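Novice: Quick one: structure below, then a few questions.
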Amino acid sequence: MSVEIPGKTRKCEYSLSSVLKIFQESVKSQCRPCNWIDRYRLINKEALSLLRNMGGEIIAERVPFPMSLYASIEEAQSEVKIRFLQETTEEIIDLFDRNLEAVTWDKRKVDNFLNVLDRQSRGLKACLESSERKPAEFPYERRLSRYFRKLRKNILKRKNYSAESWEQIRKTVETHLLRLEFIAAALKEV
């Protein structure tokens, strides 16, 4: 396909497939709730690595996990999913903003982990603020908040913020980060 530019003497050569590809990418990026979400996987991988390497082996003791909450989020609108990613990240940051004296974790890695999560949260918040759509209601806020409050009360407080309780929290947070990755991946496919 040859396109003549008005007022110009030269012609631009475009193949039909390259024009379609450019158009497709343009439409895809406009439909996607936020281009920043493309970086989510890389940053989440960094957070997981820091979490896994900040201390010893993560224990496998089971902690209640909100499977039904995650299942309901999978069916939600994009803006609600982004808000869930952001709110969950904030809850994880808040969870680690407690009495860490009993743990022997590498403090530098803990700080780096929290900085990565903060960067993640700010990026997600920017996505929500830049959305052209009216902010969606977030019907999951109470359930999410209640879940993390129970973690603090039933695991950390009940066990006096012991090293064992923090290892349980670390395992739970690892599961959350892995599940959040699936939600973010679904957003990338929009």
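The values are calculated or read from the model by the stated rules, or taken from the named source; none is laboratory data. If you're wondering where the values come from, they're calculated on a predicted model, not measured in any experiment. Glycine gets a Cβ as well: all are built from the backbone with ideal geometry, and neighbour counts include every protein chain shown. Each accessible area value is taken on the protein alone, full model and side chains, heavy atoms only, with ligands, DNA and RNA left out. Shrake-Rupley method; radii C 1.70, N 1.55, O 1.52, S 1.80 Å.
Novice: So if I check each of 47, 60, which one is modelled with pLDDT of 95 or more, small (Gly, Ala, Ser) and either within 25 Å of residue 168 (Cβ to Cβ) or in contact with a Pro (Cβ under 8 Å, 6 or more places away or on another chain) (or both)?
Specialist: 47
Novice: Filter region 48-57 down to residues that are of a type in the set (A, V, I, L, M) and in a helix (DSSP H, G or I) and give me whichever is surrounded by the fewest Cβ atoms within 10 Å (Cβ to Cβ).
Specialist: Applying the filter and picking the extreme gives 48.
Novice: Turning to a different aspect of this structure: So in region 94-130, with the set limited to residues that are of a type outside the set (A, V, I, L, M, F, W, C) and in contact (Cβ under 8 Å) with a residue 60 or more places away in the chain, which one is most open to solvent (accessible area, probe 1.4 Å)?
Specialist: 101
Novice: What's the number of the condition residue 165 fails, among (1) at pLDDT below 90; (2) open to solvent by less than 100 Å² (accessible area, probe 1.4 Å)?
Specialist: (1)
Novice: Residue 182 is checked against (1) surrounded by 15 or more Cβ atoms within 10 Å (Cβ to Cβ); (2) at negative phi and fails just one. What number does that condition carry?
Specialist: Of the numbered conditions (1) surrounded by 15 or more Cβ atoms within 10 Å (Cβ to Cβ); (2) at negative phi, the odd one out for residue 182 is (1).
Novice: Scan 121, 145, 130 and give me the residue that is within 19 Å of residue 64 (Cβ to Cβ) and polar (S, T, N, Q).
Specialist: 145
Novice: Within region 24-38, can one find any residue that is at pLDDT 70 or above, acidic (Asp, Glu) and open to solvent by 30 Å² or more (accessible area, probe 1.4 Å)?
Specialist: Scanning region 24-38, I find at least one residue that is at pLDDT 70 or above, acidic (Asp, Glu) and open to solvent by 30 Å² or more (accessible area, probe 1.4 Å), so the answer is yes.
Novice: Could you figure out which of (1) among the hydrophobic types (A, V, I, L, M, F, W, C); (2) open to solvent by less than 50 Å² (accessible area, probe 1.4 Å); (3) without any contact (Cβ under 8 Å) to a residue 24 or more places away in the chain isn't true of residue 42?
Specialist: For residue 42, the exception is condition (2).
Novice: In region 58-93, which residues are assigned to a loop (DSSP other than H, G, I, E, B) and either closer than 11 Å to residue 176 by Cβ or open to solvent by 60 Å² or more (accessible area, probe 1.4 Å) (or both)?
Specialist: Those that are assigned to a loop (DSSP other than H, G, I, E, B) and either closer than 11 Å to residue 176 by Cβ or open to solvent by 60 Å² or more (accessible area, probe 1.4 Å) (or both): 60, 61, 62, 63, 64, 65, 66, 74, 75, 77.
Novice: Let me ask you something else. Can you work out which of the residues in region 168-179 that are among the charged types (D, E, K, R) and open to solvent by 10 Å² or more (accessible area, probe 1.4 Å) is farthest from residue 100 (Cα to Cα)?
Specialist: This residue is 179.
Novice: Kindly indicate the residue of region 67-121 that is under 30 Å from residue 162 (Cβ atoms) and hydroxyl-bearing (Ser, Thr, Tyr) and also farthest from the chain's Cα centre (by Cα) among those meeting that condition.
Specialist: Taking the candidates together, the pick is 104.
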